[in-house]
Amino acid sequence: MKRRPQGTYSAVGLVGRGLAHREWPRAWRRHDLGPAYDVVVIGAGVHGLATAYYLAAKHGIRNVAVLDKGYLGGGGSGRNTAIVRSNYLTPDGVRFYDRSVKLYERLAADLNFNVMFSQRGHLTLAHNDGSMRTMRWRAEVNKLQGVNSEVIGPDEIAELVPFMDVSAETRYPILGALYHPPGGTVRHDAVNWGYARAADALGVQIHQDTEVVGIDVEDQQVRGVETTRGYVSTPTVVSCTAGWSSLVSALAGVRLPISTHPLQAAVTEPVKMFLETVVVSGTLHVYVSQTDRGELVFGASTDPYPSYSTRGSLEFTEELAGHVLALMPAIAKLRLLRQWAGLCDMTPDFSPIMGATPVQGFLLDAGWGTYGFKAGPVAGESMAELVATGRTPDLIAPFGLDRFAEGRLVGEKGAAAVGH
Amino acid sequence: MFRIPCPHCGLRSVSEFRHVGERRTRPDAATATPAQWRAYLYEQDNVAGWSSESWYHTFGCRRFVDVERHTVTNEVRPAPATDRDTAGVDPAAAGSADSDGADVDSTP
């Protein structure tokens, strides 16, 4: 059904091109910036590209431009630790993220691009009675929503994670964990590229190195955007700019309850596969998973003050190493290869802000904090539906910007904040 | 990592401080509308550039400190002279930190 100017990726195609020494065509094309589009999406990350893809694929809206001030997938979409899960605390959150897991499960087939979704299981460790209580609470909420999630004890954890120190002698003994088998990791670059390629095939234009410097608003209605490559008129702008959401929204005159915090992550040299599950410890502010190449990927909680700086700090590395070794003393000799930081747009209730704003035609997909990547597909699907139908889908109704004015916050901190 | 000039303790590591937030004007309780209160509670400027903000010197003098910080480079400079702390170490002024914003909205 879908026309692919770039050809379909398949094993047969791979062998054919390999034998014939034929070059692969570009996965997405370059375009001159047009004078007008039906929809302009700001931000070519997983949320922006998914929004554009679902607009074209599900709603037939193909006159869409995705603008990015840098390169595709260069923000949070390429800096996250690629973990996907749906074991949240509120029924709203669980339903929403579970839809995302379901979309990720068939994303490779939908996009004709191997996104390497590996449902290897996800463990959230509990080191105190308070955490155990939250884990039991989450397990019950999850089960009610049909999400596979259960509380397990130290013996079962030791079986799942061979090098984990589950003894009672540690500074923060492990009392149990929330085990979530459908959770896992996805190759985040592949998700960006897959959405970009599939959207391009449907006629969406992706413009990299195109910064939006102004949003033209007249009578509280969007008329167009001013970019570094010229003016584009459009009735609808969707902002999917994560850490930069406050700055982009300010261009339209919309103020947000968001602070931008850096979150640092690091990766070790590759070693033989030993860690199957994703392991998270809220108390120790750390999460660990092993990539298919064998590297251990570590993430932490956000830096304790807002900043737009993406510089790594020695303090972070030192603290991270200490916490990881408290969990797995056996990996003390592993060396870190590199560390980096991404920007997280934190909201007061650890939940996103999606949907309409007081400015007609300016739609928000923001406040993704530390959980944006795992929600990419469902956010794109929901935002596309909102743009196409003009109605806010039920799935994202709890996450509107108006909830702050109405005092109707979501309360997802217990399951979304690593450092809770 | 960077350091913050505390008017009472001198130049100290950021790890001694807790970030309190952007400095802003508290609405008048008698006349504020619910919308103004919500905006005061939740909305942030969140600028990428010089930001006027308060820090609390947790592991030091345990006083509120006002500074300007560049949120991209984390460069820090003292708040301008209209600031409550440079006006003197009046216990009443220090105690009312964040609850009395009458003198803080003139910051550039």
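The values are calculated or read from the model by the stated rules, or taken from the named source; none is laboratory data. Worth saying up front: this structure is predicted, and the values here are computed from it rather than measured. Counting neighbours? That spans all protein chains shown, and the Cβs are built from the backbone with ideal geometry, glycine included.
Worth a mention:
- The single condition among (1) farther than 29 Å from A:Tyr37 by Cβ; (2) within 23 Å of the chain's Cα centre (by Cα); (3) crowded, with 17+ Cβ neighbours inside 10 Å that A:Val378 does not meet is (1).
- So A:Ala300, is it more than 14 Å from every other protein chain (Cβ to nearest Cβ), surrounded by fewer than 22 Cβ atoms within 10 Å (Cβ to Cβ) and of a type in the set (Gly, Ala, Ser): no
- Note on segment A:285-366: enclosed strands (runs of 3 or more DSSP E) holding 2 or more residues that are among the hydroxyl-bearing types (Ser, Thr, Tyr) are A:286-290, A:296-302.
Residue-by-condition table, conditions (1) outside any strand (DSSP E or B); (2) in contact with a Cys (Cβ under 7 Å, 6 or more places away or on another chain); (3) under 30 Å from A:Val248 (Cα atoms); (4) at pLDDT 95 or above:
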site: A:Ala44; (1), (2), (3), (4): yes, no, yes, yes
site: A:Lys58; (1), (2), (3), (4): yes, no, yes, yes
site: A:Ala65; (1), (2), (3), (4): no, no, yes, yes
site: A:Lys69; (1), (2), (3), (4): yes, no, yes, yes
site: A:Arg136; (1), (2), (3), (4): yes, no, no, yes
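- Scan of segment B:39-67 for residues that are more than 15 Å from the chain's Cα centre (by Cα) and more than 9 Å from chain A (Cβ to nearest Cβ), ordered by number: B:Phe59, B:Gly60, B:Cys61
- Selection within segment B:15-37: residues that are crowded, with 18+ Cβ neighbours inside 10 Å and touching a Phe, Trp or Tyr at 6+ places or on another chain (Cβ under 9 Å). The member of this set that is farthest from the other protein chains (Cβ to nearest Cβ) is B:Arg24.
- The residue that is surrounded by the most Cβ atoms within 10 Å (Cβ to Cβ), among those in segment A:89-101 that are of a type outside the set (Val, Ile, Thr) and within 15 Å of the chain's Cα centre (by Cα), is A:Gly93.
- Number of positions in segment A:78-118 that are of a type in the set (S, T, N, Q) and within 24 Å of A:Ala266 (Cβ to Cβ): 3
- The condition of being aliphatic (A, V, I, L, M), away from chain B (no Cβ under 14 Å) and closer than 22 Å to A:Pro154 by Cα holds for only one of A:Leu325, A:Leu263, A:Leu334, A:Leu320, that being A:Leu325.
- Residues in segment A:241-260 that are in a helix (DSSP H, G or I), polar (S, T, N, Q) and facing another protein chain (nearest Cβ under 8 Å): 1 in all.
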